[in-house]
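**Q** Could you have a look at this structure, given as structure tokens, before my questions?
The values are calculated or read from the model by the stated rules, or taken from the named source; none is laboratory data. All figures in this text were calculated on a predicted structure; none of them were measured in a lab. FYI the Cβ positions are ideal-geometry reconstructions off the backbone, even for glycines, and counts take in every protein chain you see. Keep in mind that these areas ignore ligands, DNA and RNA; they rest on the heavy atoms of the full protein, side chains included. Shrake-Rupley method; radii C 1.70, N 1.55, O 1.52, S 1.80 Å.
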Amino acid sequence: MSTQKQMERSLTFLPIVLFGFSFMALATVFSTYGIAAELSHGMVPGSYVVALVVMLFTAYSYGQMSKVIPSAGSAYAYTQKSINPYVGFMVGWAILMDYLFIPMVNYLLFGIFFSAAFPAIPPYVWILSMMLLVTYINMKGVKLASKANALITIFSLLFILLFIGFSIKEVIGGAGAGTLFTFEPFYNSEEPFSFIVAGAALLCFSFLGFDSATTFAEETVKPAKTIPRAVFSITLAGGAVFIAVSYFAHLVWPNYGTFSNPDSASHEIITFVGGEALASGFLAVYAITAFGSAMSSQASASRILYAMGRDGQLPRKFFGTLHSKLQTPVNNILFISAFSLLALFVSLSLVASFINFGAFLAFTSVNIAVISYYFIRQRQRSLKGTLLYLIVPFIGALLDLYLLINLDMNSKILGTAWFVLGLVYMFFLTKGFKQRPPELHLSADHSHHNEEEEKHESRYSS
């Protein structure tokens, strides 16, 4: 191991987007459809449109910050350098809750799925098998992970296209709504708009993972151009897929009140349009996307830990090193795998409660970071600057804060407990807040590879 090693810049636009799609898990649109249909009174596509608008505000802010701080630390690095090192540490601590627990969720789902399909084999066998494979791929580096992400994304998109094709066939044959074109799934004048908002509050969670692209900034070619485009593209394309699938699901089965069980509504719809063969394909896709999400989230989490370890906010000798040959943060990948062994002992609902608090706290902070850096420090206060660097991120911060406040009580209690634990750790790290936390330094190791990127970094450093 060596602290002098740098990550290899090998990622381009498409592999970064594929990481985001894998983290987001495009097939998640099926798993949440029934519950969202009940909440929105059948207007799931309308709820997805609202959720997409909310997430695009935050995606914009991530893109703006990635231009000037091309660090694997993502939200942690952005807030540390643009707001305050104390705030940066706490945002890093909070988002660890998100990144550390998402792999665990996927391991749990994988174990639940395969133990149900093969009852003779205990869940822990599936969990450990998946964990070992994910860890191996991530240790080998982003090139191998990118190839795996490409296969997972292609398989997911092929299934989605099959579902849409079968749905169109059924609707043309007179099933469901009986027409391919209707505005009712987006807005029903007989229902209050508040139902669409309620559905959107749930469905915003489908977009979690769009920000993962920023954690690969130090392994990306021309990150100042590539990362913002990738973040926005992941969010927009993911939203388009979610809207399309939910729209055709509504056309096929417009009466949301007739599901046998909202939790398995998608299985009923898929079986209706494609029979048992398509339903079996869905179960395979769901397992594969869980694997892809675990792989991408573990890779992203290891980069966050690496950035915090390199800066001395976590023990540098362990977290802040790269493998001498693989050029990946192997210690961090192994640490996350060891942490994920908790999946053998904890419930899915408990793990899920941890995730959302950290995500929306980080999202809110990144929007504020744009205001702090561009509008306050760089004084970009023209009419255009005021719109782009004050009004847009301010709206994004308000929307994210609203979602944070409206999380369920378990999420808020567990999230607050984790946050307090971070404060206690920072108290000892800074010797009773008498010292500033160790800070991120954008040295030549993390500089950009073109003139525009160097200009951004030079202006920021000054």
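**Q** Once you sort the root eigenvalues of the Cα gyration tensor of the chain as a ≥ b ≥ c, which label holds: rounded (a/c under 1.5), prolate (a/b larger than b/c) or oblate (the other case)?
**A** prolate
**Q** Please report, for the Cα atoms of region 25-180, the Rg to one decimal and the Dmax as a whole number; what are they, in angstrom?
**A** 20.4, 61
**Q** Taking the Cα centroid of region 388-409 and of region 307-361, what is the distance between the two, rounded to the nearest whole Å?
**A** Between the Cα centres of region 388-409 and region 307-361 lies a distance of 26 Å.
**Q** Using alpha-carbon pairs under 8 Å, 6+ residues apart, how would you state the relative contact order of the chain in percent?
**A** Dividing the mean separation by the residue count of the chain yields 34 percent.
**Q** Using the heavy atoms of the protein chains and a 1.4 angstrom probe, tell me the accessible area per residue for the chain in square angstrom.
**A** Details: 18490 Å² over 462 residues.
On a per-residue basis, the chain sits at 40 Å².
**Q** In addition: If a/c stays under 1.5 just call it rounded; otherwise compare a/b with b/c (prolate if a/b is bigger, oblate if not). Do that for region 262-399, with a ≥ b ≥ c from the square roots of the Cα gyration tensor eigenvalues.
**A** Here region 262-399 falls in the oblate category.
**Q** Now for a separate question. Ignoring everything but the protein chains, give the 1.4 Å probe accessible area of Y60 in square angstrom, nearest 10.
**A** So the heavy atoms of Y60 present about 40 Å² to solvent.
**Q** Next question, about the same structure. Using a Cα-Cα cut-off of under 21 Å, which lysines could be cross-linked to K384, ignoring same-chain neighbours fewer than 8 residues away?
**A** K67, K225, K455
**Q** Got a sec to turn the phi values of region 37-48 into Karplus ³J(HN,Hα) couplings, 6.51 cos²θ - 1.76 cosθ + 1.60 with θ = phi - 60°, whole Hz, x for Gly and Pro?
**A** 5, 5, 4, 8, 6, x, 9, 4, x, x, 5, 5
**Q** Determine, for each peptide in 193-206, 248-261, the mean count of other beta carbons within 10 angstrom over its residues, then list the peptides with the highest first. Kindly include the intermediate steps, with their values, before the conclusion.
**A** Details: 193-206: 20.3, 248-261: 18.3.
Peptide ranking by packing, descending: 193-206, 248-261.
**Q** Using alpha carbons only, how many angstrom separate the centre of region 118-136 from the centre of region 139-172?
**A** Cα centres, region 118-136 to region 139-172: 23 Å.
**Q** If the chain between R377 and L344 were fully stretched, how many nm would it gain, using 0.36 nm times the residue separation less the Cα-Cα distance?
**A** 7.1 nm
**Q** Which length gain, in nm to one decimal place, applies between F433 and L334 when the Cα-Cα distance is subtracted from 0.36 nm times their residue separation?
**A** 32.5 nm
**Q** Another question, then. Quick one: Karplus J couplings for region 125-134, per residue in order, coefficients 6.51, -1.76, 1.60, θ = phi - 60°, nearest Hz, x for Gly and Pro?
**A** Computed from phi, the couplings for region 125-134 are 5, 5, 4, 5, 5, 5, 4, 5, 5, 4 Hz.
**Q** Right, here's the next one. I'd like the distance separating the alpha-carbon centroids of region 214-248 and region 38-88, in whole Å.
**A** Cα centres, region 214-248 to region 38-88: 12 Å.
**Q** Further question: Applying 1/(1 + (r/R0)^6) with R0 = 22 Å to the Cβ-Cβ distance of S189 and I391, what FRET efficiency is obtained, to the nearest 0.05?
**A** Values: r = 31 Å, r/R0 = 1.40.
Computed FRET efficiency for S189 and I391: 0.10.
**Q** For region 387-392, take each phi angle, set θ = phi - 60°, evaluate the Karplus expression 6.51 cos²θ - 1.76 cosθ + 1.60, and give the result in whole Hz per residue in order, putting x for glycine and proline.
**A** 5, 6, 10, 10, 5, 4
**Q** Within the accessible area of the chain, what % is carbon and sulfur when the probe is 1.4 Å and the other protein chains stay in place?
**A** 68 percent
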